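Following: one structure in structure tokens, then a few remarks.
What follows draws every value from the coordinates through simple rules; no lab data is involved. Everything numeric in this text was worked out from a predicted model, so none of it was measured. Glycine also receives a Cβ, built like all others from the backbone with ideal geometry; neighbour counts cover every protein chain displayed.
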């Protein structure tokens, strides 16, 4: 399949697809970070993760409408307000869900999967009833619309770069929060040894709720960022969920570095193959490769060395 | 083998349950429903094959597969490929640019029947493929995963990925698979039209008969030593391993049985609905089937049949009159069943109705001497 192209052409194809892959990488990373916290740290399978992202996207859509109607002068900056609101809304809903459903199911991890799947159906239908079945898109502010021409073949859209920046920023924030703050050490203490964490005075139930809310909040930010590069429909979240889980599992649960590495390798592989084989075959081959690697290395790429 | 006499295999409650189910499916429903509705019930029952398999894998073995749609779909596709080849004989397809190949291949500029399709000219091969292709796939997946001690949540996610892969593949390769519409327009089976009312009746009763075969196999597995080992594994896998059992082999076996059941269900679906499409392969249908099983009761093979029937009836009734309410109802059902009734309908029956029925059976002439429990079975609780 390479023989049809000259060396320089191949070089620019790889560069072009590499940059496209970087945007996909940012998308995967944002999706997976929230799940890496919820699934990796707490062991809860949140099948409604995609719907929390969509919630963030719809909040962004609403915010952009409010800004366009009432504060047109500030429209260029609405996105930052929207991101904060999306985080807060998704986190609040996450805390509510944890309190009503998840906390009763910690000892039955497979059942959280079913309950959250039910939740995802409820959320999808709510979006459909409130926002309609059609996809909605937000108006991208002017400063995000252009693109940089790097070489003749490669151009970088500003919105893609912006999403990348958000992904990097959120990753750094999550890393600092989980591994460099006292709050993070308490979260990890609860995960690693719940009775002992409780014995030294950590309110484990509260930690669970906040951790779950944080994961959902990050999903909200992810959804908010996605509105910059695509439109949003009520059932769009379902399309992401398999990819997201594979990224987290492939990276090795409970490892931020692993999540980054696996999001990077999966997105690059998919993006490069996409040019030669078409979208669906590229996706099939990528997923298949990940599944086969997981069969040989079930613990994922990176693992925490903890005595159980 | 006096160990496996009927009274060891079934408690009198089990016998009663089988008899009641047989009466409902073979007498009550055929007499009270018109042929169109009966055909629908037949379709719902094709999901019951999957849920019975799930009771074995998930309820007993603790292996939650979110990829049962793969096996259901493969079974259905194997039969649909045979029927499609029969429907696209050169005479029927003479208007195509290449007569004698399925219409969707012609639309996709394919001029020759792909080699993968060739053997499906033979009915015997197709019947074998219905059972063997999904079972062998399940064996490969099971072997790769269980031998490496992948289980629980990770297994669920990987099976989910596999069902996603197969769906993308089927939709993407539409020249070879019929794409998103699936394989449609099936007409005859060995020259015999499958679109008549008579055929619908025949398929319904064949489906019920096959379902009972599966139910008896499942009953045998749950009441045999194998079933006890599965339950032990679900509770304390390491202890079973240290007792000298090869845990992986038992898991592989029960996963293969579940896959074979699902494949038979898929084939029955193809016969009754006259098509097969990727919308029964993906993640959404696979999880729905798990929910049917959870609603019926993950530890009860008969409950699983009722679960598949009732949820689908509920969906049809609600979907016909209030389509927008259906997803709400389904969502609430999932959350509610998992939170409040982890053992499903069968659990409710066990708790409230079973003691009364047992007292009644004490007086019934036929059942009085039948043991109320089998030799080595105290009730099994969900972990």
Contact order normalised by residue count of chain B, Cα under 8 Å, 6+ apart, percent: 32 percent
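What value does region B:151-225 have for Rg/Rh, both radii from Cα atoms and Rh as Kirkwood defines it? The partial results should precede the final answer.
Values: Rg = 18.7 Å, Rh = 16.4 Å.
Using Cα coordinates only, the ratio equals 1.14.
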Estimated FRET transfer efficiency (residue B:196, residue B:123; beta-carbon r; R0 22 Å; 0.05): 0.70
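Return the tail of the calculated pair distribution for region A:209-262, meaning the percent of Cα-Cα pairs more than 13 Å apart. Please list the in-between numbers first.
Working: 992 of 1431 pairs.
Looking at region A:209-262, the distances longer than 13 Å represent 69 percent of pairs.
Based on the inverse mean of 1/r over its pairs of different Cα atoms, what is the Kirkwood hydrodynamic radius of chain B, in Å? Each step should come with its number before you reach the end.
Values: mean 1/r = 0.0458 Å⁻¹.
Kirkwood radius, chain B: 21.9 Å.
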Per q in 0.10 1/Å, what log10 I(q)/I(0) does a Debye calculation on the alpha-carbon atoms of the protein assembly as shown return? -1.04
For residue A:156 and residue A:104, calculate 0.36 nm times their separation in residues minus their Cα-Cα distance, and state this gained length in nm to one decimal. 14.0 nm
Two decimals is fine: what's Rg over Rh for region B:304-354, C-alpha atoms, Kirkwood radius as Rh? 1.04
Averaged over A:61-74, number of beta-carbon atoms from partner chains that fall within 10 Å: 0
P(r), alpha carbons of region A:1-105 - 5 Å bins starting at zero, rounded %: 2, 10, 14, 15, 13, 11, 10, 9, 8, 5, 3, 1, 0
Normalised radius of gyration for region B:133-185, please: alpha carbon Rg relative to 2.2 N^0.38 Å, two decimal places. 1.40
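Please average, across the residues of B:147-160, the number of beta carbons from any other chain that are within 10 Å of each residue's own beta carbon, and give a whole number. Mind dumping the intermediate values first?
Details: counts 1, 6, 1, 4, 1, 4, 11, 7, 2, 5, 11, 8, 1, 7.
Partner-chain Cβ atoms within 10 Å, mean over residues of B:147-160: 5.
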To the nearest 10 degrees, how steeply does helix B:123-146 sit against the main Cα axis of chain B, on a 0 to 90 scale? 60 degrees
Neighbour-count order for B:316, B:222, A:60, fewest beta carbons within 10 angstrom listed first: B:316, B:222, A:60
Give the Debye-formula value of log10 I(q)/I(0) at each listed q (0.10 Å⁻¹), with one equal scatterer per alpha carbon of region A:43-184, two decimals each. -0.48
For an R0 of 56 angstrom, estimate the FRET efficiency from the Cβ-Cβ distance between residue B:353 and residue B:238 and round to the nearest 0.05. 0.90
Chain A, Cα convex hull volume normalised per residue, Å³: 150 Å³
For chain B, find the longest principal axis of its Cα atoms and tell me its angle to the long axis of helix B:354-363, 0 to 90°, nearest 10. 70 degrees
In terms of the Cα gyration tensor, with a ≥ b ≥ c the square roots of its eigenvalues, is region A:206-306 rounded because a/c is under 1.5, prolate because a/b exceeds b/c, or oblate? oblate
Put in order of increasing Cβ neighbours within 10 Å, starting from the fewest, A:49, A:107 give A:107, A:49
Could you work out, for region B:233-291, what percent of all Cα-Cα pairs fall into each 10 Å distance bin, beginning at 0 Å and stopping at the bin that holds the largest distance? 18, 35, 24, 17, 6
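Going by C-beta contacts inside 10 Å, put A:104, A:188, B:37 in order with the fewest on the left. The partial results should precede the final answer.
Numbers: A:104 16, A:188 19, B:37 13.
The most exposed by this proxy come first: B:37, A:104, A:188.
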Consider all pairwise Cα distances in region B:206-259 and report the whole-number % of them above 18 Å. 38 percent
Round to the nearest 10 and give me the degree value, 0 to 90, for the angle of helix B:35-54's Cα axis relative to the longest principal axis of chain B. 60 degrees
Two-decimal log10 I(q)/I(0) for region A:46-104, as the Debye equation yields it once each C-alpha is a single scatterer, q = 0.12, 0.18, 0.25 Å⁻¹: -0.35, -0.63, -0.93
State the percent of C-alpha pairs, over all pairs in region B:11-125, separated by a distance greater than 18 angstrom. 69 percent
